[in-house]
Amino acid sequence: MTYRGRFAPSPTGPLHFGSLVSALASWLDARAHRGAWLVRIEDIDGPRTVPGAAESILSTLERFGMIPDEPPVWQSRRMPRYQQALEQLKSTGLIYPCGCTRKEIADSLLHVRARNTTLAYPGTCRAGLHGKPARAWRLRVPDGDAAVIAFLDRWQGPQTQNLATEVGDFVLRRADDQWAYQLAVVIDDADDDITHIVRGADLMDSTARQIYLQHCLGAPTPHYCHVPVVTNERGEKLSKQNGATALDGDHPLDALNAAARHLGLDLTTIGSTPAETLEGFYAAAAAAWASRMGISE
Ligand SMILES: [Zn+2]
């Protein structure tokens with residue numbers, strides 16, 4: 001196996017401490033496996049993309065010493081591939097147009113409350129649009145035992161999700177004419193031959209959907225590792241929206257050591273003094289990661 005990992009930030013603002021933790025974890029995993037590390041800019045959500053943010057993220061990664069092994073990939077340049085995948089799924093009858101508005105879905109869910117307090121799309125348009133205009137395209141999820149997707153997360157352990165009761169038929173092409181994250185990420189990981197996905201645990205809930213979509217498209221399933229996200233005092237995931245500040249590019253070692261501590265990496269057992277160079281830090285941190293994750297050379 002040729003290891004290929006990736007860091008996939010959304011360009012909604014500069015790199016902050018929360019995204020640094022994800023970047024570092026994916027970088028260390030690639031380094032511990034002596035594999036390739038790629039960066040993908042997830043800029044398909046046009047309205048959320050901030051001009052200049054992608055360039056700022058890439059230059060901060062570079063100042064922190066995380067240089068991708070291949071030129072960065074931009075999702076916005078891959079729209080024709082997503083369309084092609086949608087056509088493939090149309091031809092197999094696995095997707096169908098949905099004419100429901102947000103309000104109609106909410107209203108119908110007042111009567112159908114799925115288990116685990118999550119609300120699943122009740123499949124209203126499975127049997128046809130009944131005169132309503134098509135707004136979105138949804139992927140039909142299996143019923144019965146086939147709806148249960150199980151995977152072993154390298155950090156969080158065994159996971160299962162029932163797509164029928166916890167998610168429902170999910171959107172691949174949104175009503176606002178944007179590609180859904182689930183479709184784009186699955187196509188990108190397949191096209192880039194990604195073997196290992198290391199990302200924040202906030203994306204754990206999307207993983208079963210992505211695995212099912214891989215099955216539908218005939219794409220391989222990578223190994224998954226969901227690391228703890230950084231939260232603020234209120235327990236919310238740190239993001240640009242709730243006040244995360246940009247990283248200080250002049251002192252990368254301070255932020256990197258804090259990110260390593262967040263990942264539970266004890267660097268003191270490797271070197272007797274804190275690393276004074278980026279290279280020294282990464283050597284110690286990759287060794288600690290390999291030990292934590294049971295990766296042998
Ligand atoms: Zn519908």
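The values are calculated or read from the model by the stated rules, or taken from the named source; none is laboratory data. Only a predicted model underlies this, so the values are computations on that prediction, with no experimental measurement involved. In this analysis, Cβ positions are derived from the backbone assuming ideal geometry, glycine residues included, and neighbour counts consider all displayed protein chains. Keep in mind that these areas ignore ligands, DNA and RNA; they rest on the heavy atoms of the full protein, side chains included. Shrake-Rupley method; radii C 1.70, N 1.55, O 1.52, S 1.80 Å.
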Carbon and sulfur atoms account, in whole percent of the 1.4 Å probe accessible area of the stretch 80-173, for 55
Across 10 Å bins beginning at 0, the whole-percent shares of Cα-Cα pair distances in the stretch 80-173 come to 15, 40, 32, 11, 1
Taking the Cα atoms only, what angle lies between the long axis of helix 252-262 and the longest principal axis of the chain, rounded to 10 degrees?
60
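Per residue, how many Å² of accessible area does the stretch 80-173 show with a 1.4 Å probe? Intermediate results must be reported in sequence, preceding the final value.
On the way: 5250 Å² over 94 residues.
Dividing the accessible area of the stretch 80-173 by its residue count gives 56 Å².
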Modelled label reach - Gln178, point 7 Å along Cα→Cβ, the stretch 225-245 residues with backbone N closer than 18 Å
239-242
For an R0 of 45 angstrom, estimate the FRET efficiency from the Cβ-Cβ distance between Ser296 and Asp250 and round to the nearest 0.05.
0.75
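Using only the heavy atoms of the protein chains and a 1.4 Å probe, how would Leu253, Leu28 rank by accessible area, largest first? Walk me through the numbers before you get to the answer.
On the way: Leu253 35, Leu28 0 Å².
Largest to smallest exposure gives the sequence Leu253, Leu28.
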Measure nothing but the geometry: give the 0 to 90° angle between the long axis through the Cα atoms of 204-217 and the longest principal axis through the Cα atoms of the chain, rounded to 10°.
60
Considering amide H positions built from the backbone, and no H for Pro or chain starts, which residues 5 or more places from Arg138, or on another chain, come under 5 Å of its amide H?
Tyr96, Cys98, Leu172
To the nearest 10 square angstrom, what accessible area does His130 show with a 1.4 Å probe?
150
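Identify the trypsin sites (Lys or Arg not before Pro) of the stretch 202-262 meeting these criteria: DSSP loop state and at most 15 other C-beta atoms within 10 Å of the C-beta. Each step should come with its number before you reach the end.
Numbers: sites: Arg209, Arg234, Lys237, Lys240, Arg261; in loops: Arg234.
Sparse-neighbourhood loop trypsin sites (Lys or Arg not before Pro): Arg234.
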Go from 0 up to the bin containing the longest alpha carbon distance in the chain, width 5 Å each, and give me the % of pairs per bin.
1, 5, 11, 14, 17, 16, 13, 9, 6, 4, 2, 1, 0, 0, 0
Label His130 and Trp74 with points 7 Å out from Cα along Cα→Cβ: what is the distance between them in nm?
4.4
Tilt relative to the chain, helix 79-91 - C-alpha long axis, 0 to 90 degrees, to 10:
40
Cysteines without a disulfide-compatible partner [the chain; Cβ-Cβ under 4.7 Å]
Cys100, Cys216, Cys225
